[in-house]
Ligand SMILES: Nc1ncnc2c1ncn2[C@@H]1O[C@H](COP(=O)(O)OP(=O)(O)OP(=O)(O)O)[C@@H](O)[C@H]1O
Ligand SMILES: [Mg+2]
């Protein structure tokens, strides 16, 4: 049995100082707009994945005009455990059971988090950036080596783009350093592409079934990986784009340009209706739970502002699918749209405002 027992926040977003206790099963957090419901889920998310689900800028997590933030989570993991996440200008730190974690990549995904939020439809029809973020966070939850390769790749990409700029400004086109960095970049790119291929192949096995179940057999859909270039062709691709890279002073191919698309009924998701988009988004997250649970049972599921939007049948269906083993957090502004059975078995937490 794994769950978060309580949380303590310090200078985290709108919370100056705040603590809360949770139930091991369903927790429903109710409060008006802007009282700090999403911030609360974000803090639980950051305790595991060491980052926010809604921003890539860590500093946003620190309360305005403050210098650090701190989150402490008390867990039950067959025994009591404590994890703290802190952030300041010195960087990010995770302390688990009083021991500082030396490498975050080894810690990320220590417990798994799946967050359902209104922005999920961006995974169906949004910009490739959101889709790559989905891949990166979730493959990273499963494979620490992916996190390592990705951070090396990002660093090398920055170096390569800077070098392209320097070279094109100095007018010299034959550079050994460029070849060295390109080769290193390709090495990491191949690892990233392989992991992404594997992940998408795997999630498809579950995604197909989830979409069928949610749509009561009406929809069939698959995720199609659209890599900027394949492992087999990446060397050729980089060679053929080198001139263009120098002219545009940027790297035009590679995993940082990858994308994926949802295909249904021989169509791509740009044609999907709003209802279909929601079905696919929900299916994607449920499929993610299916994948994560193969790895571990330490999963926390969060439904930020999406549950009350579902009809009662779907609410029941979702709870049935995830309730068995996992602690669940649901946020909502109103209790009225929630299924009474779900309400009965839930711990209701009312939030009036961020700080007391
Ligand atoms: N770094 C920060 N410093 C101070 N306040 C912040 C910071 N980041 C966000 N806030 C504030 O925190 C408040 C709560 O935001 P949050 O997104 O958690 O609201 P919410 O309860 O989820 O609302 P909604 O129901 O509209 O989704 C907002 O008023 C926001 O402006
Ligand atoms: Mg919110």
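Bear in mind that the values in this text are calculations on the coordinates, not laboratory data. Predicted model only: the values in this text are computed from it and were never measured. Quick reminder, even Gly has a Cβ in these numbers, built from the backbone with ideal geometry, and neighbours come from all protein chains shown.
See the values below:
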quantity	calculated
Paired Rg and Dmax values of the chain, which use every Cα atom, in angstrom	21.8, 71
Nearest-ten-degree value, helix 37-49 long axis tilted from longest Cα axis of the chain	60
Alpha-carbon centroids, region 70-89 and region 100-138: separation in whole Å	20
GNM flexibility winner over the chain from 267, 286, 150 (Cα, springs under 10 Å)	267
Angle in degrees between helix 144-170 and the longest Cα principal axis of the chain, rounded to the nearest 10	40
Gap separating the Cα centres of region 245-283 and region 139-184, nearest whole Å	24
Estimated FRET transfer efficiency (residue 165, residue 267; beta-carbon r; R0 41 Å; 0.05)	0.50
Beta bridges per DSSP with both ends in the chain, % antiparallel, nearest 5	65
Residue 148-residue 336 FRET efficiency (beta carbon distance; Förster radius 51 Å; 0.05 resolution)	0.60
Order of 114, 180, 82 under a 10 Å beta carbon neighbour criterion, fewest first	180, 82, 114
Average Cα contact separation per residue, region 120-295, under 8 Å, 6 or more apart, as relative contact order %	32
Cβ-derived FRET efficiency at R0 51 Å, residue 226 paired with residue 311, nearest 0.05	0.95
The chain: relative contact order as a whole-number percent, Cα under 8 Å and 6+ apart	27
Alpha-carbon centroid distance for the pair region 332-354 / region 7-67, whole angstrom	18
Inter-site label distance for residue 204 and residue 60 at 7 Å from Cα along Cβ, in nm	3.2
Residue order, fewest to most beta carbons within 10 Å, for 63, 321, 115	321, 63, 115
Relative contact order (%) - criterion: Cα under 8 Å, at least six apart; region: region 97-223	20
Footprinting exposure proxy for 95, 306 (fewest neighbouring C-beta atoms within 10 Å first)	95, 306
Crossing angle, helix 128-142 versus the chain [Cα axis fit, 0-90 degrees, rounded to tens]	70
